[in-house]
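Before any comments, here is the structure.
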Amino acid sequence: MKLSDKVVEAIVSEVAGSDVLPLVRALKNKKNVSEFKLAEDIKQEINTTRNMLYRLHNSNLVTFIRKKDKKKGWYIYYWTFNPKMVKYLSSNLKEKKLEKVKERLKREKSGDFFTCESQCVRLDFEQSTEFQFKCPECGALLNQEDNKEKIKELEKEIKALEKEIKKNK
């Protein structure tokens, strides 16, 4: 499965933050690019660039080699973007999202929730009793919420995620 640039950028943003996108674009389809050259290309300070590279490295989206500068005796790092890791991260993120949605569905099915007419807050039974079934925001009476639609939406989302995960394996 070939991932589009848009999908790659969405995954990178979710994993390492959207501020690293210019760096990923500068690294794409290149090998062993000096961190100083990258900082210059994206017009950022070297420390900021290194921070971005380390965030990408934590998710295994970049690899590096280091070489010693013969004149100064410092190490210079040369970075390469690892696009193969994006596909793995994509499925991993979907599986995590699936688990969260399943947990939410379990909470929705097992609990009673209360809201006021203005929908200021949504409280479970225990929280509602603490506030004596009055909205902590507007003071209006809390009514039990019918969450059947939410449950249907969550079940639909779970099916879609499971189908997508199965398709990508």
Post the alpha-carbon centroid distance, the range 117-143 to the range 89-106, in whole angstrom. 29 Å
Rounded to the nearest 10 degrees, the helix 84-110 long axis (Cα) sits at an angle to the longest Cα principal axis of the chain of 10 degrees
A correct Karplus calculation of ³J(HN,Hα) over the range 48-64, with 6.51 cos²θ - 1.76 cosθ + 1.60, θ = phi - 60°, whole Hz and x for Gly and Pro, returns 5, 4, 4, 4, 4, 4, 5, 5, 5, 5, 4, 9, 6, 7, 9, 10, 9
With the crude spin-label approximation of a point 7 Å out along Cα→Cβ, what separation in nm comes out for Tyr88 versus Glu103? 2.4 nm
With label points set 7 Å from each Cα along the Cα-to-Cβ direction at Asp146 and Gln127, the distance between them in nm comes to 2.3 nm
Value of relative contact order over the range 19-69, rounded to a whole percent, pairs C-alpha under 8 Å and six or more apart: 32 percent
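What does the charge add up to near Ala140, with Lys and Arg as +1, Asp and Glu as -1, over the other residues with Cβ less than 9 Å from its Cβ?
Details: positive: Lys134; negative: Glu117, Glu137.
Residues close to Ala140 contribute a combined charge of -1.
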Rounded to one decimal in nm, the spacing of the 7 Å Cα→Cβ label points at Glu162 and Asp5 is 3.7 nm
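What is the fewest-to-most order of Thr80, Thr115 by other Cβ atoms lying within 10 Å of their Cβ?
Working: Thr80 14, Thr115 17.
Least to most surrounded, the residues fall as Thr80, Thr115.
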Please compute the contact order of the chain in relative form: average sequence separation of alpha-carbon pairs under 8 Å and at least six residues apart, divided by the residue count, as a percent. 17 percent
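Given 0.36 nm per residue, what is the gain on full extension from Asp112 to Lys68 after removing their alpha carbon distance, in nm? List each step's numbers first, then the result.
Numbers: separation 44, 0.36 × 44 = 15.84 nm, distance 6.31 nm.
Residue separation times 0.36 nm, minus the Cα-Cα distance, leaves 9.5 nm.
Sort Ser110, Ser128 by Cβ crowding within 10 Å, fewest neighbours at the top. Let's see the in-between values first.
Numbers: Ser110 8, Ser128 22.
Ordered from fewest to most neighbouring Cβ atoms within 10 Å, Ser110, Ser128 come out as Ser110, Ser128.
Calculate the tail of P(r) for the chain: the fraction of all Cα-Cα distances greater than 21 Å, expressed in %. Don't skip to the end; give the middle numbers.
Numbers: 8991 of 14196 pairs.
Pairs farther apart than 21 Å: 63 percent.
Using only DSSP helix segments of four residues or longer, with each worth -39500 (n - 2.57), what per-residue ellipticity at 222 nm results for the chain after dividing by its residue count and rounding to 500?
Details: 7 runs with 93 residues, N = 169.
Counting only the DSSP helices, I get -17500 deg cm²/dmol.
Where a number appears in this text, it was derived from the coordinates with a stated rule and is not lab data. Since this is a predicted model, take the numbers as computed values, not measurements. Here Cβ is always computed from backbone atoms with ideal geometry, including for glycine, and neighbour counts include all displayed protein chains.
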